[in-house]
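Undergrad: Input: one structure, supplied below.
The values are calculated or read from the model by the stated rules, or taken from the named source; none is laboratory data. Because the structure is predicted, anything quoted here is derived from the model rather than measured. Backbone-built Cβ (ideal geometry, glycine too); neighbour counts: all protein chains shown. Heavy atoms of the whole protein, side chains included, go into the accessibility calculation; ligands, DNA and RNA do not. Shrake-Rupley method; radii C 1.70, N 1.55, O 1.52, S 1.80 Å.
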Amino acid sequence: MVEGFEVGGVPFNPDGWGPPDSSTTPTTTSNLPLNVPFAPFSRAEKLGRIADWTRTFNNPARSKNPSDSVFDFSNDESFPASADDDASFRLVDGKPPPRPRFGPKWRFQQQRQLPHRRDEEVEAKKREAEKERARRDRQYNMNRSNVNVPRREAAVFKSSVDIQPEWNMLDQIPFSTFSKLSFSVPEPEDLLLCGGLEFYDRSCDRITPKNERRLERFKNRNFFKVTTTDDPVIRRLANEDKATVFATDTILSTLMCAPRSIYSWDIVVQRVGNKLFFDKRDGSQLDLLSVHETSQEPLPEAKDDINSAYSLSVEAAYINQNFSQQVLIRDGNKVTFDEPNPFANEGEEVASVAYRYRRWKLEEGMYLVARCEVQSVMEVNNQRSFLTLNALNEFDPKYSGVDWRQKLETQRGAVLATELKNNANKLAKWTAQALLASADLMKLGYVSRVHPRDHFNHVILAVVGYKPKEFASQINLNTNSMWGIVKSIVDLCMKLNEGKYVLVKDPSKPQVRIYEVPPDAFENDYVEEPLPEDEQVQPPTEDGQGAEPNAAANDVEDKEVEATQA
């Protein structure tokens, strides 16, 4: 017989949820077990799980869910055996362990379990050190294998002029003093314009490496490289006392950009009365254009090599002349000026060039007149603009590391940056000449050989125009610094006695020397015999031995205060 199961009385709570208070209904709650915990809930609270069989409190690192706190009776004294049961309870999980996720999140979460990752920076530094050591080893081995190849650092450059025994060295000026000089000149005035200009052909701006144009030869057109004292216009201006100092733009740009020069050069200085003339010798290095002068890659030293410094200079001058005439509209239409070309004979075909004789005021009572050249003219917004035309030449891509035919269209800036590194002095001199002539635009042509071993045939790959002032700022060419160098040299030479002198750039050191030479030096009847290196006059050493400098010639540093005018 089945016995009955008595459920018991269920009390009714008229005041709310849950059992009534024991104080109000003592009789109805007497049959309920005592000390049964009860967790009250409100409608606003979130209810957790009714029963959680996977929960364990043995893992202190596990974050506790606040909603599970209502089911935590481990600290309740009403259940003394619950703690022992929980401690002895173990969950058997049949699921396989999760596979590690090799992602950024997993890497940082598992950082405590991977102690070797703390040394990643140290290991990276070790790897970089190994790479640097391997690079130095390769460089060392390469230098050992090319031990017979002359390196640029060890290359010995020759002086542009042979120093004769009768020459008296007056002073040597390091280029470091030039960097401190600054001088501001007012705007120049045009005294005279001579020659004639042809118009620039705008179609040349559309030349690309894929649409290259063959470089033509202009053998019938004459180009003149006349020095200062041989210029009839400058002689006339000197007789009229228009200025005290006379020069050409080529000579001035050489002085202005002297700190950037590597190769040796020389300028003849003649002091006649109270006037000063800066000249160049016949066949001087100034008539040529240097190539790869500031590059670290050595050039062949054999003079008959097509890639030697001298051969490249002749080739660059030839390219520059032909390029300046090819990019013109040769239809006979010319812009003429006050006087014709002063160096051309009647009926002679001359190149398109205009000479601007300009005068600058250096100080009260001291003026400088220079002959400046522009090669072309163009109409821009119904205004006449003067242009200078120059050409950069590529002879072998392996020397520069940049192939113009591949990089000019897509990376023209990289090509120009490479040329600025390898030909810093030449580009600075071109910019200085454009600034002296107040040219509105300077056109740079990119001319390359048809074949690296063919130095007679060339093609034009591109023509790019720049404003001289903006380009000067881009190559860090400061006008005040350039005029500071000229002013210091002029002041230095004005203190010398009447006679002939020569400024020579040292072939191996960044400095310039001043020599006093005989009056008939560099004349047609003056025979200059080259001397061996050991018989040439040597400059004074660092300890002061040798020729003693003239006291009047050591004024460049003193002129820093006088010439500095912001």
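Undergrad: Given (1) of a type outside the set (Ser, Thr, Tyr); (2) assigned to a loop (DSSP other than H, G, I, E, B); (3) crowded, with 17+ Cβ neighbours inside 10 Å, where does residue 462 come up short, assuming only one miss?
TA: Unmet condition: (2).
Undergrad: Something else: I'm trying to understand the selection: among the residues of segment 166-184, which are acidic (Asp, Glu) and under 20 Å from residue 254 (Cβ atoms)? Before the answer, list the steps.
TA: Taking segment 166-184 and keeping what is acidic (Asp, Glu), we get 166, 171.
171, the sole residue that qualifies.
Undergrad: Pick out the one residue from 178, 183 that is part of a loop (DSSP other than H, G, I, E, B), in contact (Cβ under 8 Å) with a residue 24 or more places away in the chain, of a type outside the set (Ser, Thr, Tyr) and surrounded by 20 or more Cβ atoms within 10 Å (Cβ to Cβ).
TA: Details: 178 fails: part of a loop (DSSP other than H, G, I, E, B).
When all the criteria are applied, what remains is 183.
Undergrad: Do you know which of the residues in segment 380-426 that are closer than 30 Å to residue 334 by Cβ and among the β-branched types (Val, Ile, Thr) is surrounded by the fewest Cβ atoms within 10 Å (Cβ to Cβ)?
TA: Restricting attention to segment 380-426, the residues satisfying the condition of being closer than 30 Å to residue 334 by Cβ are 380-393, 426.
Then drop every residue that is not among the β-branched types (Val, Ile, Thr), which leaves 380, 388.
Details: 380: 10, 388: 24.
That would be 380.
Undergrad: Can you find a residue in segment 234-251 that is part of a helix (DSSP H, G or I), touching a Phe, Trp or Tyr at 6+ places or on another chain (Cβ under 9 Å) and within 27 Å of residue 309 (Cα to Cα)?
TA: yes
Undergrad: Of everything in segment 264-310 that's part of a strand (DSSP E or B) and over 18 Å from residue 371 (Cα atoms), which residue is least open to solvent (accessible area, probe 1.4 Å)?
TA: Going through segment 264-310, the residues part of a strand (DSSP E or B) turn out to be 266-272, 275-279.
Among the residues that remain, those that are also over 18 Å from residue 371 (Cα atoms) are: 266, 271-272.
On the way: 266: 1, 271: 37, 272: 79 Å².
My answer is 266.
Undergrad: I'd like the full set of residues that are among the charged types (D, E, K, R) and open to solvent by 40 Å² or more (accessible area, probe 1.4 Å), limited to segment 430-453. So that I can check it myself, show each step before the final result.
TA: Step one: list which residues in segment 430-453 are among the charged types (D, E, K, R), which gives 440, 443, 449, 453.
Of everything in segment 430-453, those that are among the charged types (D, E, K, R) and open to solvent by 40 Å² or more (accessible area, probe 1.4 Å) turn out to be 440, 453.
Undergrad: If residue 489 passes every condition in (1) in contact (Cβ under 8 Å) with a residue 60 or more places away in the chain; (2) more than 29 Å from residue 199 (Cβ to Cβ); (3) open to solvent by 10 Å² or more (accessible area, probe 1.4 Å); (4) among the hydrophobic types (A, V, I, L, M, F, W, C) but one, which one does it miss?
TA: (3)
Undergrad: So residue 236 clears everything in (1) open to solvent by 50 Å² or more (accessible area, probe 1.4 Å); (2) modelled with pLDDT of 85 or more; (3) farther than 22 Å from residue 437 by Cα except one condition, right? Which one?
TA: Of (1) open to solvent by 50 Å² or more (accessible area, probe 1.4 Å); (2) modelled with pLDDT of 85 or more; (3) farther than 22 Å from residue 437 by Cα, only one is false for residue 236: (3).
Undergrad: Answer yes or no: is there a residue in segment 132-152 that is open to solvent by less than 80 Å² (accessible area, probe 1.4 Å) and modelled with pLDDT of 75 or more.
TA: So far as segment 132-152 goes, yes, one or more of its residues are open to solvent by less than 80 Å² (accessible area, probe 1.4 Å) and modelled with pLDDT of 75 or more.
Undergrad: So in segment 188-215, with the set limited to residues that are assigned to a loop (DSSP other than H, G, I, E, B) and open to solvent by less than 80 Å² (accessible area, probe 1.4 Å), which one is farthest from residue 409 (Cα to Cα)?
TA: Keep residues of segment 188-215 that are assigned to a loop (DSSP other than H, G, I, E, B), which gives 188, 201, 207-208, 212, 215.
Okay, now just the ones that are also open to solvent by less than 80 Å² (accessible area, probe 1.4 Å), so 188, 201, 207-208, 215.
Values: 188: 39, 201: 21, 207: 10, 208: 7, 215: 19 Å.
Applying the filter and picking the extreme gives 188.
Undergrad: Go through segment 401-445 and count every residue that is touching a strand residue (DSSP E or B) at 6+ places or on another chain (Cβ under 6 Å) and outside any helix (DSSP H, G or I). Break it down stepwise before answering.
TA: Taking segment 401-445 first, the residues touching a strand residue (DSSP E or B) at 6+ places or on another chain (Cβ under 6 Å) are 404, 408, 419, 430, 434, 436-437, 439-445.
So of that shortlist, the ones also outside any helix (DSSP H, G or I) come out as 408, 437, 439-445.
Residues that pass the stated criteria total 9.
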